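For reference, the structure discussed in these notes is given below.
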Amino acid sequence: MSMMDPRFKVVTIAATPNPNQLVWRALHQCHSDSFVGECDVPSESHCGKIIIDRLLAGDRGHFGCLEHPSISLAVGSFPHSTMQQARTHRVGISFDVQSMRYTGDRIIKAANKEIDVEDVVYLRPVGTYTNREGVKFQYTEEWRTKRDLSWALDQCRWYKRAVLDGMPKEQARGMMVFDFRQDWVVTFNARSLMHFLDLRAKKDAQLEIQWLCDLLFVEFEKLDTGTGGMVSR
């Protein structure tokens, strides 16, 4: 696999504190005569072990308990196509995506060479790629630089001219490179995030969304804080 684009980033902006204890309360209430709002709760690490033993090990089900904790993340500089793939998963997931109706100034900066065109447009790294039918394609440096990057810069320049001539950005964006970079905010609950990772981290998923999953997992794992919770065990 090629090296991940260094512009890709995922940052946690909000998360449920002590998520294992929250899941434990939901799990415990199902079979407890006592009110979990007032009961003693095991430590975060011990709750993590209980979650593994009683929910996750052996695929025992009853995963509704995992819908209580949540994590909200800011995703930056991924291509538009990856955002579209991610947004096909709506159950338990909420998205707010950067609009190209208002946010085209960076395209004009690329046209002026104030920023690198690759800060605006995503192209895969040089390498050998295979489609779902097994057909291989060699993406060379010459192809990437002399053809695709040159064309992408031309598109930025076209966009600049159109906007300066009075065309609304929402109309001008229709002529832009499809895989412009796009930022978004996404919120998962623990169950929906694990389902997302299970689907999109697979080796037959598109490369960029596999990389997204790699970065999502890093942030998800941080919820464990090294105490033996449900993510790392």
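Any read-out appearing in this document is the output of simple, stated calculations on the displayed coordinates, not a laboratory observation. Predicted model, so just to flag it, every value in this text is computed and none were measured. We place every Cβ from the backbone using ideal geometry, glycine too, and count neighbours over all the protein chains shown.
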(message) Quick check on the chain: helices-only [θ] at 222 nm, where DSSP H runs of length 4 and up contribute -39,500 (n - 2.57) each and the sum goes over total residues. Nearest 500, please.
(response) -10000 deg cm²/dmol
(request) Give the distance, in whole Å, between the Cα centre of the stretch 25-68 and the Cα centre of the stretch 130-177. (result) 50 Å
(request) Report the FRET efficiency, 1/(1 + (r/R0)^6), for residue 116 and residue 222, where r is their Cβ-Cβ distance and R0 is 25 Å, rounded to 0.05. (result) 0.25
(request) Under 12 Å Cα to Cα from residue 49, which aspartates and glutamates show up? Leave out anything in the same chain fewer than 8 places away. (result) 224
(request) Multiply the residue gap between residue 36 and residue 135 by 0.36 nm, knock off their C-alpha separation, and tell me the result in nm, one decimal place. (result) 30.0 nm
(message) If neighbour count is taken as other Cβ atoms inside 10 Å, put 106, 181 in order from fewest to most.
(response) 106, 181
(request) Determine the dipole magnitude for the stretch 111-233: charges of +1 sit on the beta-carbon of Lys and Arg, -1 on that of Asp and Glu, nothing else is charged, the reference point is the Cα centre, and the result goes in debye to the nearest 20. (result) 240 debye
(request) Can you tell me the dipole magnitude for the stretch 101-179 around its Cα centre, using point charges on the Cβ only (Lys, Arg +1; Asp, Glu -1), in Debye to the nearest 20? (result) 140 debye
(request) Would you calculate the separation in nanometres between label points at residue 81 and residue 52, each defined as 7 Å from the Cα along the Cα-to-beta-carbon direction? (result) 3.8 nm
(request) Beyond 24 Å between alpha-carbons counts as too far, so tell me which of 113/169; 9/109; 9/136; 146/202 fall in that bin. (result) 9/136; 146/202
(request) Give me the aspartates and glutamates in straight-line cross-link reach of residue 222: C-alpha distance below 19 Å, same-chain residues under 8 apart excluded. (result) 44, 67, 198, 214
(message) Using only alpha-carbon positions, what ratio does the radius of gyration of the stretch 1-146 give when scaled by 2.2 N^0.38 Å?
(response) 1.55
(request) Using a Gaussian network model of the chain whose springs link C-alpha atoms within less than 10 Å, name the residue from 174, 166, 48 with the highest mean-square fluctuation. (result) 166
